[in-house]
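The values are calculated or read from the model by the stated rules, or taken from the named source; none is laboratory data. The structure displayed is predicted, hence computed values, not measured ones. Every residue, glycine among them, receives a Cβ derived from its backbone with ideal geometry; neighbour counts consider all protein chains shown. What goes into the accessible areas is simple: the full protein's heavy atoms, side chains included, and nothing from ligands, DNA or RNA. Shrake-Rupley method; radii C 1.70, N 1.55, O 1.52, S 1.80 Å.
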Amino acid sequence: QRFQGMQLPRIEVVDVARLQHRKEMKGPFSPLLLTSMREALQQGEQVILFQNRRGFAPMVECHQCGWVPRCQHCDVSLTLHRQTNQLTCHYCGYTYQIPDRCPCCESKDLRSRGFGTEKIEEQIRDLFPEARIARMDLDTTRTRNAYERIISDFGAGRTNILIGTQMVAKGHDIPNVTLVGVLSADSALNLPDYRASERAFSLLTQAAGRAGRGGKAGHVIFQTYDAENRIIHLAATQDYDSFAKEELELRQDFFYPPFSQLLKLTVLDKDEGKGSALAQRVAMFLQREQLEGRLQDLLISGPFPALVAKVRDLYRFNILLKAQDLQPVKEALLHSEFKEQKNLYFDVDPASVI
């Protein structure tokens, strides 16, 4: 329910894969989204476009051999930022010059792939030249008071399209916003984390909640490659009760919180082999304790490399422990050789397991 009985927005799910197959997409924008934007602007209303990737494009690729520039310090591809004309690592912040040619095959045919907020802003300016547009992400809010200025201008109607990352999705109460477009509704869904569905549902319902907060009806468009996804449809119908019921059943089946307690052990090391060996030693110690009957209900997963296996020149290995009661596990680790291990980190009730 909404404050003062305001009506929830009408939410539509758009199948991007089908539209791309039929060549009906215009860049990252569906025909429905573009038509709805034109109607909203003609009626003097405001629009929010949400894309949870900053920069111009998430990656650059050689069209001839498929080479992708990657960070020298982290195990990730580099993001293209057109404004600074550089490639940037979003984990360590290191910047690289865009190469003139591919270092593997010498081809000059290097192309950007995907859409970040910077690219979306550029394309929206081309499609709606008369619109007053602002972008709100980490790149545009670095300077003092920039965040407040962008929100103040949008709230006062000095801008009528606001493009951004999670910053635009949460908490803003601007009565004249009648349309919200979520450009990649499934982007947070496929992470190997037991809370991925919860985070995605929460983010989608929060983003949708920015529309129709005044007297005018709200309209929200979820663009997705996974149009049949249950989480997206539950978010589209704002059906929290069904989502919670289904999610709790899954968590019980797989012994995740709130039906268990979690402890994540993370090993960080500049030497990949040494880090892996230490993680193996910790896991073997816990398995011995388990075999000797001291840790009876413990489930051990790993060790396995973190989703991003290297950050800032440190290799990362995780061990995930699940138990009804973690106290015996904590006691065993406190009395083990690993208590003072400086590159072994303990995260009780981790917010993320990746």
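Exactly one residue among GLY171, GLY218, GLY116 is under 18 Å from MET37 (Cα atoms) and not β-branched (Val, Ile, Thr), and that residue is GLY218.
Here TYR240, TYR194, TYR147 are screened, and the one residue that is out of contact with any Phe, Trp or Tyr (no Cβ under 9 Å at 6 or more places or on another chain) and open to solvent by 30 Å² or more (accessible area, probe 1.4 Å) is TYR147.
Based on this model, can you work out whether ARG195 counts as of a type outside the set (A, V, I, L, M), in contact with an Asp or Glu (Cβ under 9 Å, 6 or more places away or on another chain), modelled with pLDDT of 90 or more and farther than 17 Å from VAL47 by Cβ? Here the answer is no, as ARG195 does not meet what is asked. For segment 251-279, the set of residues classified as aliphatic (A, V, I, L, M) and either surrounded by fewer than 13 Cβ atoms within 10 Å (Cβ to Cβ) or closer than 20 Å to ALA351 by Cβ (or both) consists of LEU262, LEU263, LEU265, VAL267, LEU268, listed by residue number. Considering only residues of segment 141-150 that are without any contact (Cβ under 8 Å) to a residue 24 or more places away in the chain and in a loop (DSSP other than H, G, I, E, B), which is nearest to PHE115 (Cα to Cα)? Among those residues, the one meeting the criterion is ARG142. Between GLN327, GLN290, GLN296, the distinction of being open to solvent by less than 70 Å² (accessible area, probe 1.4 Å) and modelled with pLDDT under 95 belongs to GLN290 only. Exactly one residue out of ASP75, ASP153 is within 27 Å of ALA185 (Cα to Cα), of a type in the set (D, E, K, R) and assigned to a loop (DSSP other than H, G, I, E, B), and it is ASP75.
Whenever a residue of segment 104-121 is free of Cβ contacts under 8 Å to residues at least 40 places away in the same chain and over 23 Å from ALA134 (Cβ atoms), its partners that are surrounded by fewer than 18 Cβ atoms within 10 Å (Cβ to Cβ) and charged (D, E, K, R), lying with C-beta atoms within less than 9 angstrom and at least six residues away or across chains, give the pairs LYS108/ASP100; LYS108/ARG101. Would you mind stating whether LEU183 is crowded, with 22+ Cβ neighbours inside 10 Å and closer than 20 Å to ARG53 by Cα? Yes, satisfied. Where strands (runs of 3 or more DSSP E) fall entirely within segment 5-68, those with at least 2 residues that are open to solvent by 30 Å² or more (accessible area, probe 1.4 Å) and touching a strand residue (DSSP E or B) at 6+ places or on another chain (Cβ under 6 Å) are at 10-15, 59-62.
Restricting PHE255, PHE338 to those that are in a loop (DSSP other than H, G, I, E, B) and closer than 24 Å to SER197 by Cα reduces the list to PHE255.
Residues are listed down the side, and each one gets a yes or a no for (1) small (Gly, Ala, Ser); (2) closer than 30 Å to GLN72 by Cα:
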site	(1), (2)
ARG251	no, no
LEU278	no, yes
GLY293	yes, no
TYR315	no, yes
LEU320	no, yes
